[in-house]
Amino acid sequence: MFLKNAWYVAAWDTEVAAGRMLARTLLGEPVILYRTTDGAVVALEDRCCHRAAPLSLGTVVGDNVRCGYHGLTFAPDGSLIHIPTQTQVPPGAGVRAYPIIERWQFVWIWMGEPAKADPGLIPNWWWMDHPDWSVSRGDVFHIACNYELITDNLLDLAHVPFLHPGSIGTDYIIDFPIKTERLERSVKMTRLMTDVPQAPFHRRVKAYDTHVDRWTRVEVFAPAHVLVNSGNAPTGTGGLEGKANDVVNLQSPNEVTPETEGSSFLFYGHARNFHLGNETTTQRIRNEMLKIYREDIDMMEGQQRRMAREPDRALLAINQDAPVVAMRRVVRQLIEAERAR
Amino acid sequence: MFLKNAWYVAAWDTEVAAGRMLARTLLGEPVILYRTTDGAVVALEDRCCHRAAPLSLGTVVGDNVRCGYHGLTFAPDGSLIHIPTQTQVPPGAGVRAYPIIERWQFVWIWMGEPAKADPGLIPNWWWMDHPDWSVSRGDVFHIACNYELITDNLLDLAHVPFLHPGSIGTDYIIDFPIKTERLERSVKMTRLMTDVPQAPFHRRVKAYDTHVDRWTRVEVFAPAHVLVNSGNAPTGTGGLEGKANDVVNLQSPNEVTPETEGSSFLFYGHARNFHLGNETTTQRIRNEMLKIYREDIDMMEGQQRRMAREPDRALLAINQDAPVVAMRRVVRQLIEAERAR
Amino acid sequence: MFLKNAWYVAAWDTEVAAGRMLARTLLGEPVILYRTTDGAVVALEDRCCHRAAPLSLGTVVGDNVRCGYHGLTFAPDGSLIHIPTQTQVPPGAGVRAYPIIERWQFVWIWMGEPAKADPGLIPNWWWMDHPDWSVSRGDVFHIACNYELITDNLLDLAHVPFLHPGSIGTDYIIDFPIKTERLERSVKMTRLMTDVPQAPFHRRVKAYDTHVDRWTRVEVFAPAHVLVNSGNAPTGTGGLEGKANDVVNLQSPNEVTPETEGSSFLFYGHARNFHLGNETTTQRIRNEMLKIYREDIDMMEGQQRRMAREPDRALLAINQDAPVVAMRRVVRQLIEAERAR
């Protein structure tokens, strides 16, 4: 059901520490995450190969994990290196280890064939980790819906006036057309709005006396890496072309990770290159966004309940769904190709 | 599993208002109920045809419902009348609308073929809405059992001495025979008791110094409309023939509506033509009945747990089950006939 | 899935009383337990043969049980002896009754063919009921795992150093070999440890100034009767041969009873023949053991979660598993033999 040969965000970097385990189910598999003494992140299957006890009930001992039941000890590569009650360890025994890369404040995990774990497939969220940008992080959202309902939501911003009035929702949004581009492993949606009032959220972050030019560009990279670029600048100052000096501009990576078929994690940050280091702005963006995402979550969990009841029932596509439909096709084709191999 | 071409009570009239939605699952289908500005009740499927979002998370706008996700708007007949992001609405698109009739303080819904929604099939509970009668309404009971266990319970009052001692249960009830009549779409059970002590509940409502003649008449109309007529009058004053002037007489419609195969709603009222408008009597009947019904609910939910474990295991029929057995046959035959069509 | 022709502990003797019912699901079947007026324990199926109401919602009337719904009355042998609304009782009607024996503070139930209920198959836990021994009883543990994970746990004490440090866990345990004996319906594991420090738990119960000889002998009798004999005596005083006068010696029956495939009850007592009648010692052993068993329960419930996800996935057997593997084979063979009959 999931694209296995892909990177997913398993955790924020700050969630994973040395000496203790973080347990999380990812793509249906129970996983533990911890750091070795030199800081490297380890991801192992959370199930002892001996009697299926969760390793998360055990202990991190130095760089290794000791099962809390019978003391079997596993190295960071998952290999079983010690059985307390015998001298011989069966060759090849161990638990599954997952390739991990730490980048852009995220811990990325590869749940498919390790040999195919190409670091080049990690999206370039450089703003998350750059001195010219300040980041408002979200929480770890645990959402009771399939991951594609979340990527749908982010790619389809026609819902904004209805679900998020009072913050980013403004009536005029849907008066401007969208452009949809299907690329090899991604779909990009662009909406440019000229000479419009600032949205309430933007006003609270950085107010202009004039009307603004406003943009929303969303690109979803398969399976579930989403970049939302949004912002505005005073009308006619070149904001839509990226030439304005005085802008509200947010680069917002959203990473969606399936937990099960019907539940997902969502990690996101909002990076800005204005009001740098200003903690008030950082917290304001963070808190407003938490509220906005919670509005989305209620709706997506409602969709999930209805779809779970009648999974095969047809839906009515509307014009605005073009990017969503295209993106679902990209993902489906990649999953089918993966299975055919 | 359910008889679809039939009226069911969806709600009390007072539960449904203009400007907001009541969401309830009926016969396995999620439904919203609201009133138009002229007071008519609308029932629509609680699932947007676009992306399956629950419409109950949206808004009533005038007489219409607007989906909270993308603003698609549906008229009271379920037709899609507006898509904010496009001018053209696909012909025939919409959500299911259900025929509704408001009568006897109840909102009646027809979940089957709309063309067959004959208002003449609504039972005549005229006491619920007549100046010569006062009504003690029950709550909306949400009961974790199949609806037929509830109609069984109401039709089979041999349980009264055991489950309801101290209120309507008296030892002598089962010493009097019952008469069972099978009619076309209903089964009627009659028990007439002559010269017996008043039941404690009746004494608390209206006490007589003498023994009484007491009656219980229950008729269940398929699928799950139940009328319980019960009462008593001083011995020999003609109560059993309906000729006594001084009586305790209750006409009690009970409406059972399946939510799912294993859960149901129960709506009931107790109408009387004595102590008219006396609020103390109204509340006393209401409160005693809430207690009595809760005793039934515990038992029926217990039955459901046992039956869910072994749905096909045989039960032992006793003589007293005649009306219950007859009624289950009526319903089964109607369901089979409906499916054969 | 379960061995039916076997005794299981249904309850502690003190849990069952005259005049009221204890309801418990055993081997997947709902059962009620109560005492007759002469003190004998009765076990009946908790489901009325009439309309499947739980008898546990009814009343004990003298030696019989009356269903709370319609008053059908059942004798201690399960036979239906009274239907309030008719004079005739259908011959042979009733509910299932289970053979019961009360012994060693336990109420034993036989869920299989009654004719095969041989009292000789009840294990001899005589210490539980003997004036020369004092007993620290455990609670009734309700554990969310299959019963065999619990017998595994008790037979396989290689986990003790890892799961129970600070009480009975000491590093040296696994330095001493185990002996495994497979008998006809049981498997026995023995570990003798010479000249070792006392375990912290033993010290707190009865401390010696010297090193000790320590023993653990576990025998599991099919399907799930476990005797743990553990103790220690000052080094060289003959403790391992049972010849020492001054010993810490515990005889600990553990009775595991399946509730469902994924949940179980555990009853246990720790009998000692020192500090006789000393309430401080009784409570200390009881409280320390509650803590130790809770450590086991967390682990076993974790195993159950992992195994439920992938029931057929292979496990890695280690040398120390010999008794567990042998015992699972004994039980499987008995179940297969029972089914083949």
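Could you count how many residues in segment C:32-45 are in contact (Cβ under 8 Å) with a residue 24 or more places away in the chain and surrounded by 15 or more Cβ atoms within 10 Å (Cβ to Cβ)? Number satisfying all stated conditions: 9. Filtered by the rule that a residue be within 14 Å of chain B (Cβ to nearest Cβ) and either crowded, with 24+ Cβ neighbours inside 10 Å or among the small types (Gly, Ala, Ser) (or both), segment C:11-25 gives a lone residue, C:Ala23. The criterion of being closer than 23 Å to B:Pro91 by Cβ, assigned by TED's automatic domain parsing to the domain that holds B:His82 and not aliphatic (A, V, I, L, M) does not hold for B:Glu15.
Anything in segment C:282-341 that is charged (D, E, K, R) and within 11 Å of chain A (Cβ to nearest Cβ)? List them, or say none. Hits for segment C:282-341 are C:Glu295, C:Asp296, C:Asp298, C:Glu301, C:Arg305, C:Arg306, C:Arg309, C:Glu310, C:Arg313, C:Asp321.
Which of the residues that make up segment C:74-106 are in a strand (DSSP E or B), within 14 Å of chain B (Cβ to nearest Cβ) and among the small types (Gly, Ala, Ser)? Hits for segment C:74-106 are C:Ser79, C:Gly94.
Taking the conditions (1) over 17 Å from B:Gly169 (Cβ atoms); (2) at pLDDT 95 or above; (3) surrounded by fewer than 21 Cβ atoms within 10 Å (Cβ to Cβ) in turn, C:Gln86 satisfies each one other than (2). Of all the numbered requirements in (1) charged (D, E, K, R); (2) in contact with a strand residue (DSSP E or B) (Cβ under 7 Å, 6 or more places away or on another chain); (3) within 19 Å of A:Ala199 (Cβ to Cβ), A:Glu301 misses one, and that requirement is (3). Restricting segment B:38-67 to residues that are under 21 Å from A:Ile318 (Cα atoms), charged (D, E, K, R) and not in a strand (DSSP E or B) leaves a set whose member that is farthest from the other protein chains (Cβ to nearest Cβ) is B:Asp46.
Criterion first (among the hydrophobic types (A, V, I, L, M, F, W, C), in contact with a strand residue (DSSP E or B) (Cβ under 9 Å, 6 or more places away or on another chain) and closer than 22 Å to C:Ile297 by Cα) does C:Ile143 satisfy it? When the stated conditions are applied, C:Ile143 passes them. Using the structure shown, decide if A:Pro114 is over 16 Å from the mean Cα position of the chain (by Cα) and within 14 Å of chain B (Cβ to nearest Cβ). For A:Pro114, the condition - over 16 Å from the mean Cα position of the chain (by Cα) and within 14 Å of chain B (Cβ to nearest Cβ) - is not met.
Among all residues of segment B:191-213, there is none that is in contact with a strand residue (DSSP E or B) (Cβ under 7 Å, 6 or more places away or on another chain), closer than 30 Å to B:Trp110 by Cα and surrounded by fewer than 20 Cβ atoms within 10 Å (Cβ to Cβ).
Here is the figure for segment B:150-173: residues that are within 17 Å of B:Val212 (Cβ to Cβ), among the β-branched types (Val, Ile, Thr) and out of contact with any His (no Cβ under 9 Å at 6 or more places or on another chain) total 3. Hey, among the residues in segment C:125-152 that are modelled with pLDDT of 95 or more and among the acidic types (Asp, Glu), which one's surrounded by the most Cβ atoms within 10 Å (Cβ to Cβ)? Among those residues, the one meeting the criterion is C:Asp152.
Hey, any hits in segment A:122-143 for a residue that's within 14 Å of chain B (Cβ to nearest Cβ) and part of a strand (DSSP E or B)?
First, the residues of segment A:122-143 that are within 14 Å of chain B (Cβ to nearest Cβ): none.
Within segment A:122-143 (the criterion being within 14 Å of chain B (Cβ to nearest Cβ) and part of a strand (DSSP E or B)), the answer is no, since none of the residues qualifies.
In segment C:317-341, what residues are outside any helix (DSSP H, G or I), surrounded by fewer than 17 Cβ atoms within 10 Å (Cβ to Cβ) and hydrophobic (A, V, I, L, M, F, W, C)?
Passing the criteria: only C:Ala317.
When residues in segment C:153-164 are screened for being facing chain A (nearest Cβ under 8 Å) and either among the hydrophobic types (A, V, I, L, M, F, W, C) or surrounded by fewer than 22 Cβ atoms within 10 Å (Cβ to Cβ) (or both), 4 of them pass.
The values are calculated or read from the model by the stated rules, or taken from the named source; none is laboratory data. Computed from a predicted model, the values in this text were never measured in an experiment. Glycine gets a Cβ as well: all are built from the backbone with ideal geometry, and neighbour counts include every protein chain shown.
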